[in-house]
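The values are calculated or read from the model by the stated rules, or taken from the named source; none is laboratory data. Please read all numbers here as calculations on a predicted model, not as lab measurements. FYI the Cβ positions are ideal-geometry reconstructions off the backbone, even for glycines, and counts take in every protein chain you see.
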Amino acid sequence: MHLLIVGELNSHVTEASMIAKKQGANVTQCSDISSAIQSIASGKSADAIFIDARLNIVALIEGLKAERISVTVIAYGVENDSKLAVEAIKSGAQEYIPLPPDAQMIAAVLAAITEENNTFLHASKAMDKIVEMANRIAPSDASVLITGESGTGKEVIARYLHNKSRRASMPFVSVNCAAIPDNLLESELFGHEKGAFTGAAQRRIGKFEESNGGTLLLDEISEMDTRLQAKLLRAIQEREIDRVGGSQPVKLDLRILATSNRDLKKEVEEGNFREDLLFRLNVIELKLPPLRERREDIKLFAEHFIHKYSEANGVKELPLSISALQKLEQHNWSGNVRELENTMHRAVLLAAGNEIEEDALLLHNEQEMSSQSQSIAVGGGLVGRTVEDVEKNLILDTLNHCLGNRTQAANILGISIRTLRNKLKLYNEDEDN
């Protein structure tokens, strides 16, 4: 566990730091938000950030997003300042720790973060086999290709592999190859030197260097441009990289994991993916089955998400009714676990009474049918509308259904994440004109 404290040191913060260290955390400290973001972006990883609630938490979270860094943010402040605590949670902090620090509370928070990173929920025999294989290969440094439909938990099993490996105390770094435009991905992966291109005001450490000593996950690698695949192949073969604009190679020691929701052999046949790169990545393949093929997991996941989002939204945790559970178990789940998570999040917020009933489960097929019915009733169906207009509404409605998750939306729509990104960019440009 790597913990970064953001704020000025005082006796209470120092005490909290000592408690965290006794729990096994590696603790570092930055006095302000800009230096904290710069520290993480330069390669010093963090599993959690404790930030003074008086600082601009929104700026921290937005800065982390801009650097494409995902980390748990916990606020701390004076015990009796309830207004500060509420503002911190509204600003995006996942927890609030009052000062003076309570050893049991800090231990519980750190344990929860560790558990979230380490837990792989499952009850099905199909997933028993996956976890058994993961346990066998985790101690090695072999590259692993994790495949399966969007939302099946590929990144979760990747974290599980890392946390079971000899590199568990070192950084786990994930980069979504589908979410980053092609012209930025090279710098994101390999870093760049100052002046390498317009806007490169200072040296930037890429994800390869950031994960040195640990594990690098290349998420949705099938979306990577073939030109960049050649440079990636060399980096994996030689275990060294060249920063953009650099003159000296940088030696690295790391393990490579990759995920894809596509058939990479088919992508090779169609000329979209390098065969030699596939061989390098696919030393071992873990193929995750879709949720519809492991329905024994549905009840376990549903109850887990009910607990998670009841706590997160400060509402009473309600049990799932028998009829609601049956409805969940009969659904097709094209978006898999991620779709189930979104469904249960909505259900927690919409439920009334003593149980979560069927009417709180706004499943995708029902929403789609309701939307179509309203369209026919109000506007006479699709006649008179342009194809572009219908397509735009479909894309935006699907994205809204997925709570903004582009990967899941692309999967439901049957298009690539790159196509979806380009469509959304076009819609934004239309609004600006």
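If the condition is being of a type outside the set (G, A, S) and either assigned to a helix (DSSP H, G or I) or over 27 Å from the mean Cα position of the chain (by Cα) (or both), then the stretch 319-333 contributes P319, I322, L325, Q326, K327, L328, E329, Q330. Whenever a residue of the stretch 415-427 is free of Cβ contacts under 8 Å to residues at least 60 places away in the same chain, its partners that are in a helix (DSSP H, G or I) and of a type in the set (G, A, S), lying with C-beta atoms within less than 7 angstrom and at least six residues away or across chains, give the pairs L420/A409; L420/A410. Residue count for the stretch 304-323 under the criterion of being in contact with an Asp or Glu (Cβ under 7 Å, 6 or more places away or on another chain) and either in the same structural domain as V86 (by TED's automatic domain parsing) or farther than 14 Å from H345 by Cα (or both): the result is 2. Only one of the numbered conditions (1) assigned by TED's automatic domain parsing to the domain that holds Y76; (2) surrounded by fewer than 16 Cβ atoms within 10 Å (Cβ to Cβ) is violated by I113, and that is (2). Candidates in the stretch 136-147 are the residues that are in a loop (DSSP other than H, G, I, E, B) and under 8 Å from I284 (Cβ atoms); of these, the one that is farthest from the chain's Cα centre (by Cα) is A142. Note on the stretch 293-325: residues that are more than 23 Å from A112 (Cβ to Cβ) and in contact with a helix residue (DSSP H, G or I) (Cβ under 8 Å, 6 or more places away or on another chain) amount to 9.
One line per residue, one yes/no per condition, for (1) touching a strand residue (DSSP E or B) at 6+ places or on another chain (Cβ under 9 Å); (2) at pLDDT 90 or above:
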| site | (1), (2) |
| --- | --- |
| A179 | yes, no |
| E188 | yes, no |
| G195 | no, no |
| T198 | no, no |
| I221 | yes, yes |
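Selection within the stretch 334-352: residues that are without any contact (Cβ under 8 Å) to a residue 60 or more places away in the chain and not in a helix (DSSP H, G or I). The member of this set that is surrounded by the most Cβ atoms within 10 Å (Cβ to Cβ) is A351.
Of F279, F301, F273, F305, all but one fail to be surrounded by fewer than 16 Cβ atoms within 10 Å (Cβ to Cβ), among the aromatic types (F, W, Y) and either within 30 Å of I137 (Cβ to Cβ) or at pLDDT below 90 (or both); the exception is F279. The sole residue among A108, A93 that is outside the structural domain of Y309 (by TED's automatic domain parsing) and without any contact (Cβ under 8 Å) to a residue 12 or more places away in the chain is A108. Taking the conditions exactly as written (over 20 Å from K287 (Cα atoms), out of contact with any Gly (no Cβ under 6 Å at 6 or more places or on another chain) and either aliphatic (A, V, I, L, M) or surrounded by 15 or more Cβ atoms within 10 Å (Cβ to Cβ) (or both)), does A258 satisfy them or not? No. Summed over the stretch 220-234, residues that are surrounded by fewer than 22 Cβ atoms within 10 Å (Cβ to Cβ) and among the hydrophobic types (A, V, I, L, M, F, W, C) total 3.
Based on this model, can you work out whether L264 counts as at pLDDT 95 or above and either in the same structural domain as L232 (by TED's automatic domain parsing) or within 21 Å of the chain's Cα centre (by Cα) (or both)? The answer is no for L264.
Per-residue answers, yes or no, for (1) surrounded by fewer than 19 Cβ atoms within 10 Å (Cβ to Cβ); (2) free of Cβ contacts under 8 Å to residues at least 12 places away in the same chain; (3) closer than 15 Å to A107 by Cα; (4) not assigned by TED's automatic domain parsing to the domain that holds A168:
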| residue | (1), (2), (3), (4) |
| --- | --- |
| S11 | yes, yes, no, yes |
| E15 | yes, no, yes, yes |
| A20 | no, no, yes, yes |
| Q23 | yes, no, yes, yes |
| S35 | yes, yes, no, yes |
| A46 | no, no, no, yes |
| A53 | no, no, no, yes |
| L60 | no, no, no, yes |
| L64 | no, no, no, yes |
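Counted as qualifying within the stretch 37-135 are no strands (runs of 3 or more DSSP E), as none has 2 or more residues that are at pLDDT below 80.
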